[in-house]
Structure formats: C-alpha cells, structure tokens
Amino acid sequence: NLYEQSDLTLVVSKSESFSMVCAESLACGTPVAGFKSGGPEEVAPPGYGFFVEYGDSDALELGLKRIRSGEEELQSSSACASWAKQQYGLEIMTERFLHCYGEAISHYE
C-alpha cells in the first residue's frame, strides 16, 4: 500500500545483492532512485530507476530535483508494474531459480 501511494522509492543502501525493495516497488508501479549499491541498479534499470554513485548526496539531490521537474523522466506507474511483472513475476522467477538449481546440481553429477 505504501509503495502504491508513493511517487518514488528511495534506496540508499551501501550494498545489496538482489534488491527485493526495488522489485516490490516496481511491481506496485513506483519507480526507484538512490545510490548504486550492486543490486538496485540492476533490478531497476534506467527509466525505471535513477542511481548515482554511493554517498554522492549532491548528485542524488540534483537527480531528485530533475525527476521532480520532469527533466529526468521515469516510467509511468503502469509501465513500471508491467515491466516488473515480466521480469520478476512468479513464473519467470521460478524458472530462473530452477535453472540455477539445475546448473548447480549438474556440477555434482
């Protein structure tokens, strides 16, 4: 509910692998901005997310102002939700996990 009521999700983690926060936010139709920290910028690529180097608060502030003014465009709510479903929906993620597990098991056979 909070994601859906928000205009943007701000992610300022120092380090993340797969960013569930970004995936959840996008699935609810909310784009993401924040610091580059590994996973977030991969989960929410340009257009769905806006990221700057970790700790560069000035660049983040400038980016947020650009987003607010419309100089930096992010996808619409419906586009974010649709894209997230295609990338991170239950079926596609299940297939990806099964593929990874299959590869791992094949190394031991």
Keeping all protein chains in position, work out how much accessible area His99 exposes to a 1.4 Å probe, and write it in Å² to the nearest 10. 110 Å²
Rg to Rh quotient for region 65-107, alpha carbon positions, Kirkwood Rh: 1.33
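Check each of the chymotrypsin sites (Phe, Trp or Tyr not before Pro) in region 34-109 and keep only those in coil by DSSP with at most 16 other C-beta atoms within 10 angstrom; list them in order. Present the calculation step by step, with values, prior to reporting the outcome.
Numbers: sites: Phe35, Tyr48, Phe50, Phe51, Tyr54, Trp83, Tyr88, Phe97, Tyr101, Tyr108; in loops: Tyr48, Tyr54, Tyr108.
Answer in residue order: Tyr54, Tyr108.
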Counting only protein heavy atoms and using a 1.4 Å probe, what share of the accessible area of the chain belongs to carbon plus sulfur, as a whole percent? 53 percent
With every protein chain present, what accessible area does Ser78 have (1.4 Å probe, heavy atoms only), rounded to the nearest 10 Å²? 90 Å²
Could you tell me which GluC sites (Glu not before Pro) in region 1-68 are loop residues by DSSP with no more than 12 other beta carbons within 10 angstrom of their beta carbon? Glu53
Starting at the first residue of region 77-85, write each ³J(HN,Hα) from the Karplus equation 6.51 cos²θ - 1.76 cosθ + 1.60 with θ = phi - 60°, in whole Hz, x for Gly and Pro. 4, 5, 5, 4, 5, 5, 5, 4, 4
Largest-first ordering by accessible area, 1.4 Å probe, given options Cys100, Cys80: Cys100, Cys80
Diffing region 7-20: the Karplus 3J(HN,Hα) column from phi (6.51, -1.76, 1.60, θ = phi - 60°), in whole Hz with x for Gly and Pro, holds 8, 7, 9, 9, 10, 10, 5, 7, 8, 9, 8, 5, 8, 4
Which ³J(HN,Hα) values, rounded to whole Hz and listed in residue order, are derived for region 98-109 from phi using the Karplus coefficients 6.51, -1.76 and 1.60 in 6.51 cos²θ - 1.76 cosθ + 1.60 with θ = phi - 60°, glycine and proline given as x? 4, 4, 4, 5, x, 5, 5, 5, 5, 6, 9, 8
How many angstrom lie between the Cα centre of region 85-109 and the Cα centre of region 1-69? 26 Å
Measuring with a 1.4 Å probe in the full set of protein chains, what accessible area per residue, in whole Å², belongs to region 14-77? 54 Å²
Using only the heavy atoms of the protein chains and a 1.4 Å probe, how would Thr9, Thr94 rank by accessible area, largest first? Thr94, Thr9
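The values are calculated or read from the model by the stated rules, or taken from the named source; none is laboratory data. Here the structure is a predicted model, which means the values were calculated and not measured. As a convention, Cβ positions derive from the backbone with ideal geometry for all residues, glycine included, and neighbour counts pool all protein chains shown. Ligands, DNA and RNA are excluded from the accessible area calculation, which covers all protein heavy atoms including side chains. Shrake-Rupley method; radii C 1.70, N 1.55, O 1.52, S 1.80 Å.
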